[in-house]
Amino acid sequence: MKDVVKIFDTTLRDGEQSPGASMNTEEKIQIAKQLEKLGVDIIEAGFAAASPGDFEAIRKISEVVSKSTVCSLARALEKDIKAAGEAIAPAAKKRIHTFIATSPIHMKYKLRMEPEEVIKKAVAAVEYAKTFVDDVEFSCEDAGRSEMSFLKEIIDAVIAAGAKTINIPDTVGYRFPHEMGEMIKELKEFIGERAIISVHCHNDLGLAVANSLYSVLNGARQVECTINGLGERAGNAALEEIVMAIKTRKDIFGKIDTNINTKEIYPTSRLVAAITGIEPQPNKAIVGKNAFAHESGIHQDGVLKHQETYEIMRAEDIGLDRNAIVLGKHSGRHAFKNKAEELGFNLSDEELNKAFERFKILADKKKEITDDDIRVLITNELSSAPEVYKLKKLQINDCSEGVPSAAVTIEFEGKEITDAGIGDGTIDAIFKTIDRISGYKGTLNDYQVTAVSKGKDALAKVVVKVVFDENKPAVIGHGLSIDTMIASAKAYVSALNSYISMKDMLRTKKGSGEDI
Ligand code: KIV
Ligand code: ZN
């Protein structure tokens, strides 16, 4: 019998708080489905009260996920808990995760509350959350800098109110592994079997995974983590590192295990990188591009003679296929469909046709189409908002001398509109011209370009974050092309389409949106 540590994934909530990592609803749904396939026990799908967009995404995820528990975060406030309860209502298994700060510094300066008042709020929050769901988690925010006596007092009170999981976050990533271990040990002795102890460690000192693992060794049976370690500031504990450490060091963890299907780790990591545009650093443990690459001749020779000379894990165990078949110009629809299925995409006929069309255009320009190219191509197709505006042509003028300029043709309501403009640089000229054609005026908040695969003919992926209206959230746009300028123009047009679809959604949801 294994002793299970529950994996609580917060990529869609804390992970989304990474600078530049916002995702639209379609993208969140894709990630949630993949997290379910990965076998995570709980998916924190968002913070329902944060915005109508968050609410909508959690609700849709609750409709499509059935094996994993779907959870929404909520401050210890009635309006937050109500939004959380309503957003997760359709889920087969659901949880509300409510929190309040418990450290002296947070209570005094942020909450401006006396400790007794904080306990009252926490108890009221748990009791109210129980009117929506049975499964309530309570977090003592900044537990890493809280006093043990106060933690025990508030934990006692919220367990009596019905909390089933008590989360101990090291919110600012301050603790050292031995300190975290000692804290969890003392809390485990105090709580016993009354509730499950969870930990949520941030990575400010690079210790999030070590702190999580020490907590598990001392009695925590839920770990909150994210794919690729995404998250606020330096991020959260990386799911893949925690899971593989537990699997690889059975000598230390004994019967302790997770429900994760480790073969889905690499596909999940690639999907999250493709959607957020945030690549794990090349030397990142488990999922970095170099994690299983051996550069030195001595190492290569050793691995060829006996894999375990230099490898403590097998690439196959995380679902990394080093001999993956690459597709090319001559690959047909059938081969493309097989590849898409192998990469975990279940496409409808229409989605398959559209993605195949894009694949053919790419294969004409690029010799070898890798798994990463296909992942990015399909996710781009699936997550795009309806194409109200469509980029048809782009012509740019060299910016090395003279004034950078761009001529752009856009299709709108069946008609092609062409205009030209100048800018401070080529990208600026392209974006300003698109603004002139569409009549919208965007402010660029973030611009990222990555090469999807290797080689001079690598596919460029551009992610932009644009604000079209100061009173509305920024929108994300993605563009793919062999040519970086075309990818940039496509990304900007895709952000514009996302903005239009967000505006439509806000209009139809106006009533509930204002409530939240
Ligand atoms: O870091 C933190 O304390 C959090 C809580 C809301 C769990 O993210
Ligand atoms: Zn956090």
Checklist line | Check on GLU78, more than 19 Å from the chain's Cα centre (by Cα) and in the same structural domain as HIS200 (by TED's automatic domain parsing) | finding: yes
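One line per residue, one yes/no per condition, for (1) away from ligand 1 (no atom under 16 Å from the Cβ); (2) closer than 21 Å to PRO104 by Cβ; (3) buried (at least 23 other Cβ atoms within 10 Å of the Cβ):
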residue: ILE168; (1), (2), (3): no, yes, yes
residue: VAL172; (1), (2), (3): no, yes, no
residue: PRO177; (1), (2), (3): yes, no, no
residue: GLU186; (1), (2), (3): yes, yes, no
residue: HIS202; (1), (2), (3): no, yes, yes
residue: SER215; (1), (2), (3): no, no, yes
residue: ASN218; (1), (2), (3): yes, no, no
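Of all residues in the range 14-40 being assigned to a loop (DSSP other than H, G, I, E, B) and either more than 29 Å from GLU351 (Cα to Cα) or in contact with a His (Cβ under 6 Å, 6 or more places away or on another chain) (or both), which is nearest to ligand 2 (Cβ to nearest atom)?
Among residues in the range 14-40 that are assigned to a loop (DSSP other than H, G, I, E, B) and either more than 29 Å from GLU351 (Cα to Cα) or in contact with a His (Cβ under 6 Å, 6 or more places away or on another chain) (or both), the one nearest to ligand 2 (Cβ to nearest atom) is ASP14.
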Notebook entry, point to check: Which of the residues spanning the range 86-106 are open to solvent by 10 Å² or more (accessible area, probe 1.4 Å), more than 16 Å from ligand 1 (Cβ to nearest atom) and in a helix (DSSP H, G or I)?
Noted result: GLU86
Next item on the list: For PHE359, indicate whether it is open to solvent by less than 20 Å² (accessible area, probe 1.4 Å) and either closer than 18 Å to LYS490 by Cα or aromatic (Phe, Trp, Tyr) (or both).
Entry: yes
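Looking only at the range 131-160, which residues are open to solvent by 60 Å² or more (accessible area, probe 1.4 Å) and either more than 27 Å from ASP204 (Cα to Cα) or in contact (Cβ under 8 Å) with a residue 24 or more places away in the chain (or both)?
Residues of the range 131-160 open to solvent by 60 Å² or more (accessible area, probe 1.4 Å): 131-132, 134, 145, 147, 149, 153, 156, 160.
Residues satisfying the conditions are THR131, PHE132, ASP134, ARG145, GLU147, GLU153, ASP156, ALA160.
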Next item on the list: Please identify the pairs in which a residue from the range 229-258 that is in contact (Cβ under 8 Å) with a residue 60 or more places away in the chain has its Cβ atom under 7 Å from the Cβ atom of a residue that is of a type in the set (Lys, Arg) and more than 12 Å from ligand 1 (Cβ to nearest atom), counting only partners at least 6 apart or on another chain.
Entry: LYS255/LYS2; ASP257/LYS2
Item checked: Failed condition for ALA163, given (1) away from ligand 2 (no atom under 16 Å from the Cβ); (2) open to solvent by less than 30 Å² (accessible area, probe 1.4 Å); (3) part of a helix (DSSP H, G or I) -> (3)
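Mind listing whichever residues of the range 221-242 are basic (Lys, Arg) and within 13 Å of ligand 2 (Cβ to nearest atom)?
So in the range 221-242, the residues basic (Lys, Arg) come out as 221, 233.
Passing the criteria: only ARG233.
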Margin query: Would you confirm whether or not the range 372-389 contains a residue that is surrounded by fewer than 14 Cβ atoms within 10 Å (Cβ to Cβ), assigned to a strand (DSSP E or B) and modelled with pLDDT of 90 or more?
Written below: no
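The values are calculated or read from the model by the stated rules, or taken from the named source; none is laboratory data. In this text, all values refer to a predicted model and were calculated from it rather than measured experimentally. Neighbour counts are summed over all protein chains in view; Cβ atoms, including those assigned to glycine, are modelled from backbone coordinates with ideal geometry. These area figures cover heavy atoms from the full protein model, side chains too; ligands, DNA and RNA do not enter into them. Shrake-Rupley method; radii C 1.70, N 1.55, O 1.52, S 1.80 Å.
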